Structure formats: structure tokens, C-alpha cells
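Each remark here refers to the structure printed beneath this line.
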Amino acid sequence: MSNPVAPSGHFLTFEGMDGCGKTTQLRLLAHHLREQGRNVVETVEPGGTEIGRQIRRILLDPANTAIQPRTELLLYFASRAQNVDEVIRPALDAGSVVLCDRFTDSTLVYQGCGRGLDAAVVHDLDRIACQGLRPATTVLIDIDLETSLSRAKRRNERYGQSESRIDDESAAFHESVRKGYLALATSEPARFVVIDGRASVGDVANKIREAVQNRV
Ligand code: TYD
């Protein structure tokens, strides 16, 4: 039976700075959980649905320099509302583990700490877009600023600049993003699992498995 208040599945989000390796780690955890017999649904923010992918193109196109901070904020939440209704909530109601690459914590740190928008406004929009849905577990893959910038640069050189609008922000912007993440993790220790992302892919994957083992 579906229950909109307490979903039977488990909602787990991955967070971290650009280049922290969360997308790779999300795939590895999905593979591991499927091997253990769990139904797993993978999704991403912004994106995750056809509507969300169209919104993602607007948000991350480096040509869109005219985009205003409030416009940006509303577009992230527009993508999220669609993802919650179309993908995340139905999958949780069906008992799946949902792994989401970024969620509202990203908005709190990138638009809140990074762009200086009021956190209370972010929380208000979260209530509208997510209708009370919150992650049960959030894996924060923490890396220092230098590692983040050098990995993001390497990736843009390899795959092109089509999604580099946020990556192109200043070092101060990214430093405030990192600080924001660590503050969130400190304020909600029961939800957050913080993993050092500078180790090898295999080591980070093992640490994430151990940390989420008894949660999902
Ligand atoms: P993502 O595809 O996860 O990029 P990366 O693989 O580099 O981590 O996210 C795209 C960018 O969007 C990233 O720079 C962070 C930014 N972002 C926000 O600013 N606010 C948000 O709410 C979300 C979900 C992402």
C-alpha cells in the first residue's frame, strides 16, 4: 500500500563539490545493492525526467550568463518537483531504494551559501516542490577545493564545456560551497555520512557500502 507520509523504500542522496566522484560512486552503490537483491532507482538533479533534462540544459549552459539568481533557484526546484512526482515518490512507494545525485542540500549550499540567497527561501521552496519528502540518508563525499577544481578542469578538457556554467565560478564560491556542506553535515549528523573523497575509487566505494549497510 502506498503511504505518502512514510515511504516504504529508502531515499538516499549523494552530495559533494564538483569533481568529488559522487556520480561514479552512486553507480557503484546501485550495482552493489542490486547484487544484494534490492530494487534500485537512480536519478539526478537537475534532470532525472524528460522535463528535468530540458531544464538542466538551460541551467548549465555557459552561454546563459543572463540568468538571475532567483531564476536559477526556481529552475532547480522546477526540475526537482517533476523528479519527485514522476520518479522518486512512486519508486519509494513501490519499496525501491532511490539513489539521487544531488538534491535540496545542493540548492542550500550552491544558491544559499554560494550565491547568498536566504536559506529560509530555499526551505520554503523545498516545501512546495518536494511536499515534505526528505532524504533518509545523505552521503557527502568531501574533497578539498584544489582537488575539486583540478578534477573539474580535467573533465571539462575531456568532455567539453557544455555544462561548465557553475564550475566556472570563483574559488571563493566553491570554498563557501564546501563550508556549507560541512556545516549541514554537522547540523544533521543522523542523516549525513561524510566520506573523504580523496582516496581511490575502490576505497571510497567500500567506505560508502559500510556506512549505508544498515540503513537501506
Ligand atoms: P552535477 O551534474 O552534479 O555536476 P558535477 O558532476 O560537476 O558535480 O551538477 C551540476 C551543477 O549544478 C553543479 O555545479 C552543482 C549545480 N547545482 C546547483 O547549483 N544547485 C542545485 O540545486 C543542484 C541540484 C545543482
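Key figures
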quantity	calculated
Where E175, E15 fall by accessible area, highest first, once all protein chains stay in place (1.4 Å)	E175, E15
Region 10-212 shape via C-alpha gyration tensor axes, a/c threshold 1.5	rounded
Largest to smallest accessible area among I51, I67 [probe 1.4 Å]	I51, I67
Computed FRET value (nearest 0.05) for E188 with R209, which takes r as the C-beta separation and R₀ as 22 Å	0.55
Within straight-line cross-link reach of K179, aspartates and glutamates at Cα separation under 15 Å, skipping those fewer than 8 residues along the same chain	E15, D18, D105, D142, D144, E146, E188, D196
Solvent-accessible heavy-atom area per residue, rounded to whole Å², over the chain at 1.4 Å	49 Å²
Hits among lysines - C-alpha to C-alpha of K153 under 20 Å, sequence gap 8 or more where chains match	K22
Charge dipole (debye, nearest 20) of region 10-212; +1 at Cβ of Lys and Arg, -1 at Cβ of Asp and Glu	280 debye
R57/T24 FRET efficiency (R0 25 Å; Cβ-Cβ; nearest 0.05)	0.65
Mean Cα-pair separation over length for the chain, i.e. relative contact order, pairs under 8 Å, 6 or more apart, %	32 percent
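The values are calculated or read from the model by the stated rules, or taken from the named source; none is laboratory data. As the structure is a prediction and not an experimental result, all values here were calculated from the model. Cβ sites come from the backbone with ideal geometry, for glycine too, and all protein chains shown count toward neighbours. Side chains are part of the model used for accessible areas, which takes the heavy atoms of the whole protein and leaves out ligands, DNA and RNA. Shrake-Rupley method; radii C 1.70, N 1.55, O 1.52, S 1.80 Å.
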